[in-house]
Amino acid sequence: MPMKLPFFRSKKEAQPIQAEELTNVPEHVAIIMDGNGRWAKQRGLPRIAGHKAGMDVVKETVELAIKYKINVLTLFAFSTENWSRPKHEVEYLLRLPKEFLHIYLPDLIKNNVRIETIGDFDSLPNYTKEAVQYAKEKTKNNDGLLLNFALNYGSRKEILSAIKSIMKDFDDEKFSVEQVDENLLSQYLYTHDLQDPDLLIRTSGEQRLSNFLLWQLAYTEFWFTDILWPDFNEEIFVEALMDYQNRSRRFGGI
Ligand code: IPE
Ligand code: IPE
Ligand code: MG
């Protein structure tokens, strides 16, 4: 990818930022990639043209995550509520993972990226499941960036299904009521083997979670930008990382 450095600390201070200079890098970055439809509309294009452009930005963002030494990148790609969109748009969105992997999987493998998903995987169409399962299998031994797609993901559904599984296991006498704590509940979520996100980015100017990682974002730093997802780039990403540098995370302490 072409390098777009230098970036500057502020308009007054004309000093470029290097990846090594970021001392406080978030280990896990989660992104709500929003604004594809509006991006397309601004150009008089169909909404799916925005999703296509957004797909290429996903690849660029993966490269940025590697460059800036992020460990985990979780991308909200399709929500449980997105099924309510017109049928052709839903189908297009659910075919995108296959197209994305068809084009970019060899590169992701070369870059030591491991692919995972969170969400209700079983309810996805076969063409999505097969492509994603193949990619998971192919990358399962990679130990570089963990690229985690939230696919058919909804936080309330996740918590509900965790509660149901906990109740079943309780019935099977696997534990007592006293043993049900935050740690146990976390183990029943899709994210059971993941650290919580340190930084959440949402593009397109909306300032809401839209049912994304409600439990896991309890102490995450939020960063919002008006930029629409297909326009997301290194400069914006660095802006978010720079802002994160100065956040004081107290976790309820002083
Ligand atoms: C984000 O862009 C992609 C998905 C939600 C799948 P949108 O499609 O929500 O774009 P806007 O919000 O309508 O502009
Ligand atoms: C959130 O965006 C879901 C994804 C980015 C996949 P939406 O566009 O679906 O969210 P709302 O409807 O504006 O809250
Ligand atoms: Mg949207």
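Selection of the stretch 215-228 for residues being open to solvent by 30 Å² or more (accessible area, probe 1.4 Å) and either hydrophobic (A, V, I, L, M, F, W, C) or in contact with a Pro (Cβ under 7 Å, 6 or more places away or on another chain) (or both) yields 215, 218, 222, 224, 227.
The rows are residues; the columns are (1) over 20 Å from residue 27 (Cβ atoms); (2) more than 16 Å from ligand 3 (Cβ to nearest atom); (3) not in a helix (DSSP H, G or I); (4) not β-branched (Val, Ile, Thr).
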{"site": "52", "(1), (2), (3), (4)": "yes, no, no, yes"}
{"site": "55", "(1), (2), (3), (4)": "yes, no, no, yes"}
{"site": "61", "(1), (2), (3), (4)": "no, yes, no, no"}
{"site": "101", "(1), (2), (3), (4)": "yes, yes, no, yes"}
{"site": "107", "(1), (2), (3), (4)": "yes, yes, no, yes"}
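Condition check ((1) more than 13 Å from ligand 2 (Cβ to nearest atom); (2) buried (at least 21 other Cβ atoms within 10 Å of the Cβ)) across all residues:
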site	(1), (2)
31	no, yes
35	no, yes
43	yes, no
56	yes, no
61	yes, yes
67	yes, no
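Screening residue 233 against (1) among the polar types (S, T, N, Q); (2) within 16 Å of ligand 3 (Cβ to nearest atom); (3) open to solvent by 40 Å² or more (accessible area, probe 1.4 Å) leaves a single unmet condition, (2).
Apart from one condition, residue 227 fits all of (1) within 16 Å of ligand 1 (Cβ to nearest atom); (2) touching a strand residue (DSSP E or B) at 6+ places or on another chain (Cβ under 8 Å); the exception is (2). Could you check the stretch 8-40 and list, in sequence order, the residues that are modelled with pLDDT under 65 and touching an Asp or Glu at 6+ places or on another chain (Cβ under 7 Å)? Correct list: empty. All conditions in (1) surrounded by fewer than 17 Cβ atoms within 10 Å (Cβ to Cβ); (2) of a type in the set (Asp, Glu); (3) closer than 19 Å to residue 229 by Cα hold for residue 107, with the sole exception of (3).
Residues in the stretch 181-214 that are surrounded by 16 or more Cβ atoms within 10 Å (Cβ to Cβ), more than 16 Å from ligand 3 (Cβ to nearest atom), of a type outside the set (Ser, Thr, Tyr) and under 14 Å from residue 119 (Cα atoms): 189, 194, 213. Can you name the number of the only condition in (1) closer than 24 Å to residue 190 by Cβ; (2) in contact (Cβ under 8 Å) with a residue 60 or more places away in the chain; (3) in contact with a helix residue (DSSP H, G or I) (Cβ under 8 Å, 6 or more places away or on another chain) that residue 58 fails? Condition (2) is where residue 58 drops out.
Does the stretch 175-191 contain any residue that is closer than 30 Å to residue 110 by Cα and modelled with pLDDT under 95? The answer is no, given that none of the residues of the stretch 175-191 is closer than 30 Å to residue 110 by Cα and modelled with pLDDT under 95.
The values are calculated or read from the model by the stated rules, or taken from the named source; none is laboratory data. These figures come from a predicted structure and were not determined experimentally. Cβ coordinates were reconstructed from backbone atoms using ideal geometry, including for glycine residues, and neighbour counts include every protein chain displayed. The accessibility values were calculated without ligands, DNA or RNA, using every heavy atom of the protein model including side chains. Shrake-Rupley method; radii C 1.70, N 1.55, O 1.52, S 1.80 Å.
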